[in-house]
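I have placed the structure first, in the form of structure tokens, so that the comments after it can refer back to it.
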Amino acid sequence: MSTLATTPDARSAAFAAVLAERRVHIVFQPLLDLRSRSFHGFEALVRGPAESGLERPDQLFAAARACDRVAEFDRLCVQTAIERFAALDLQGQLFLNVTEALFDSGWFAEDATLTRLQQLGLAPARLVLELLESDALGEGSRAFDNAQFLRELGYGLALDDLGQGFGRFALWKRLRPRYLKIDRSFTRNLGSDPFKAAFVQSMLLLAEASQSMVVAEGVESERELLTLRELGVPMAQGFFIARPQSTPPQSAPVFARELLGTPQPTLHALATRGSIEQTVLALARPVKPVAGATRLDAVLKMLEVDPELTSVPVVDDAGHALGIVNRYVIADRMFRPHVRDLFGNKPCTLVMSADVLRLDARSSLYEATQLIADSSYRHATEGVLVTEQGLYRGILLVGDLLRLITEFQVQAARYANPLTLLPGNVPINDCIDRWLREGTPFAAAYCDIDHFKAFNDKFGYRMGDEIILQLAALLRDALPRADSFVGHVGGDDFVVLSRDAAWEDAMQTLLGRFGDAVAQFFDADTLAQGGYWSENRRGDAMFFPVPTLSIGACAINPGSFDSHREVANVLAELKKAAKRSAGNKLFIDRRQR
């Protein structure tokens, strides 16, 4: 097939030939693990006959939809990808883009499919299914139920284009996929965009809580790759790492391994402030372990000599953690003279607790939380064995672990607002301080919804959340993302920072759009009256205007402020000035600062 199919009939005939003759081939793009500097797996991408008008995936699937043969064609693509993956003996995971039609067909759960995977030496756990129409995965839908069942069979699930709309986050919560793919629009120019960096970092914190692995797509430069490493993103893929190939390399390119092996510079103000892995190791107490063959009497003497020592870790000859001998667990039995005489010369493993709490250094925040939730009183007195690939690294007191979990939960809330997922106080302050250090002129604005409390009380918090989400979406669209930063302070308060020259016009336009958005929540009579009657906090009937938006703003010149604290104080005053007038309004301090 060398001629371009231009008419619908010609394209249909050309597609039928592709399907009948199985004229598709697969290219693979690797996913790079930034920690190990090795390939974690490969994403399979389909290609049609060259120069046929059906070479690209979008052309192929458009033709499949036109012919109503999507499931049949997608099955051909997936089968070809699996066979080719096995033939090349590629290591790691195989990521497959799958249509809802193929999900609904039940093909992945069929005995013939599972038998073929077994013949190829591929367990379902090595396949990661990325549903192309993932917005269709409504809870209770057939596709959603099938996805849940496939996960029970061992298949991995992936959610792509994270960051494209609130629906993605709702689906993430319901589906709990193994992998989360951040949309390439958030990777592009990541090193110079604090908003994108804050978004990526907030996704990492939330991913820890849901035990998901984050993959950044579309990496096209050295700076993007290094910034991802600095922010703590575990995996990435893109043209800079490797282009899709029919026969991909088995190992990561030398330049990428060398680049990731260099000392980590400070590329971005929003660098990771520590992971649970680093903190667990830092908090673990380096109690010297004993070998399993150590006489119990020697362990008891250690406890007698050191009153502060409550638990003695026990390891095998290779250093793997076996368990704990705890002072309080054995006190009733072993400190009795006759019992001690009987067991003193025996190995300490006879009284060692083997079913103790264990936490790998690379455990997620969710795993640490579950560990505490499932623990008993005895576990709390013994402590937690910290291991790294099974090797003993120290003992963590349960109280220390609880404080660690609380700290990370607080940190997550500070970095990203749980409702809008916009950056919180810390990223806002970081961005202001960075721009102040760089001497970059920029504008700062404080946005606050007027009469929001009354609206929330009258119509309920869910309606209140809808208005906040509307404002968040409008703020995202108001200014160019490359030159602007939108943060959610909390409640109905937002901060906008912008280096765009047209920021003032953008804020005026925002006011009009917010008014239009709020109008959708009221009937014509309420809008004509300008408000509604409701009870105030004292229970008295009172007339409340419909919610409006107040914005206090100013231009910030180099050298005018020393820190974000000064900027925040000024913005608070400007917001108060804006709120003194009725309606949607923008108050700008035009004094030179």
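The values are calculated or read from the model by the stated rules, or taken from the named source; none is laboratory data. Bear in mind that the values here come from a model prediction, so they are computed numbers and not experimental data. Glycine gets a Cβ as well: all are built from the backbone with ideal geometry, and neighbour counts include every protein chain shown.
Would you confirm whether or not the stretch 391-402 contains a residue that is modelled with pLDDT under 75 and assigned by TED's automatic domain parsing to the domain that holds Pro289?
The answer is no, given that none of the residues of the stretch 391-402 is modelled with pLDDT under 75 and assigned by TED's automatic domain parsing to the domain that holds Pro289.
Given the criteria closer than 19 Å to Ala444 by Cβ, surrounded by 14 or more Cβ atoms within 10 Å (Cβ to Cβ) and in the same structural domain as Asp450 (by TED's automatic domain parsing), does Ala501 qualify?
no
Residue-by-condition table, conditions (1) in contact (Cβ under 8 Å) with a residue 40 or more places away in the chain; (2) at negative phi; (3) surrounded by fewer than 16 Cβ atoms within 10 Å (Cβ to Cβ):
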| position | (1), (2), (3) |
| --- | --- |
| Ala10 | no, yes, yes |
| Glu21 | no, yes, yes |
| Glu51 | yes, no, yes |
| Arg56 | no, yes, yes |
| Ala81 | yes, yes, no |
| Leu90 | yes, yes, no |
| Asn97 | yes, yes, no |
| Ser105 | no, yes, no |
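Among the residues of the stretch 27-49 satisfying the criterion of being at pLDDT 90 or above and among the small types (Gly, Ala, Ser), which is surrounded by the fewest Cβ atoms within 10 Å (Cβ to Cβ)?
It comes out as Ser38.
Determine whether Glu43 is assigned to a loop (DSSP other than H, G, I, E, B) and touching a strand residue (DSSP E or B) at 6+ places or on another chain (Cβ under 8 Å).
Working: assigned to a loop (DSSP other than H, G, I, E, B): no; touching a strand residue (DSSP E or B) at 6+ places or on another chain (Cβ under 8 Å): yes.
Answer is no for this residue.
Can Ser560 be described as surrounded by fewer than 19 Cβ atoms within 10 Å (Cβ to Cβ), out of contact with any strand residue (DSSP E or B) (no Cβ under 7 Å at 6 or more places or on another chain), hydroxyl-bearing (Ser, Thr, Tyr) and over 24 Å from Trp435 (Cβ atoms)?
No; evaluated as a whole, the condition is false for this residue.
Condition first: at pLDDT 85 or above and of a type in the set (Ser, Thr, Tyr). Now tell me which residues in the stretch 178-226 satisfy that.
Correct list: Tyr179, Thr187, Ser221.
Just for the stretch 528-546: of the residues that are assigned to a strand (DSSP E or B) and closer than 16 Å to Gly583 by Cβ, which one is farthest from the chain's Cα centre (by Cα)?
For the stretch 528-546, the residue satisfying everything is Phe543.
Please verify whether Leu114 is in the same structural domain as Arg257 (by TED's automatic domain parsing), within 30 Å of Asp145 (Cβ to Cβ) and modelled with pLDDT of 90 or more, treating the condition exactly as stated.
Judged against the criteria, Leu114 is a match.
Got a number for residues in the stretch 243-257 being without any contact (Cβ under 8 Å) to a residue 60 or more places away in the chain and either buried (at least 19 other Cβ atoms within 10 Å of the Cβ) or not in a helix (DSSP H, G or I) (or both)?
Total meeting the criteria: 1.
Look through Leu586, Leu549 and report the one residue that is among the hydrophobic types (A, V, I, L, M, F, W, C), modelled with pLDDT of 90 or more and surrounded by fewer than 20 Cβ atoms within 10 Å (Cβ to Cβ).
Numbers: Leu549 fails: surrounded by fewer than 20 Cβ atoms within 10 Å (Cβ to Cβ).
Selected residue: Leu586, the only one of Leu586, Leu549 that is among the hydrophobic types (A, V, I, L, M, F, W, C), modelled with pLDDT of 90 or more and surrounded by fewer than 20 Cβ atoms within 10 Å (Cβ to Cβ).
Scan the stretch 492-507 residue by residue and report those that are under 28 Å from Gly464 (Cβ atoms), within 28 Å of the chain's Cα centre (by Cα) and outside any strand (DSSP E or B).
Asp492
What are the residues in the stretch 8-43 that are closer than 12 Å to Gln91 by Cβ and hydrophobic (A, V, I, L, M, F, W, C), if any?
Phe28, Leu31, Phe39, Phe42
Has the stretch 27-48 got at least one residue that is touching a residue at least 12 places away in the same chain (Cβ under 8 Å) and of a type in the set (Asp, Glu)? Spell out how you get there, then give the answer.
Narrowing the stretch 27-48 to residues touching a residue at least 12 places away in the same chain (Cβ under 8 Å): 27-35, 37-48.
Retained after the next criterion (residues that are of a type in the set (Asp, Glu)): 33, 43.
Among the residues of the stretch 27-48, at least one is touching a residue at least 12 places away in the same chain (Cβ under 8 Å) and of a type in the set (Asp, Glu), which makes the answer yes.
Answer yes if at least one residue in the stretch 515-527 is surrounded by 14 or more Cβ atoms within 10 Å (Cβ to Cβ), of a type in the set (Asp, Glu) and in a helix (DSSP H, G or I), and no otherwise.
No, every residue in the stretch 515-527 fails to be surrounded by 14 or more Cβ atoms within 10 Å (Cβ to Cβ), of a type in the set (Asp, Glu) and in a helix (DSSP H, G or I).
Would a scan of the stretch 126-138 turn up a residue that is in a loop (DSSP other than H, G, I, E, B), among the polar types (S, T, N, Q) and either within 24 Å of the chain's Cα centre (by Cα) or closer than 23 Å to Ser212 by Cα (or both)?
no
Being aliphatic (A, V, I, L, M), buried (at least 22 other Cβ atoms within 10 Å of the Cβ) and not in a loop (DSSP other than H, G, I, E, B) is true for just one of Ala64, Ala86, Ala112, Ala71. Which residue is that?
None of the other options fit; the residue is Ala64.
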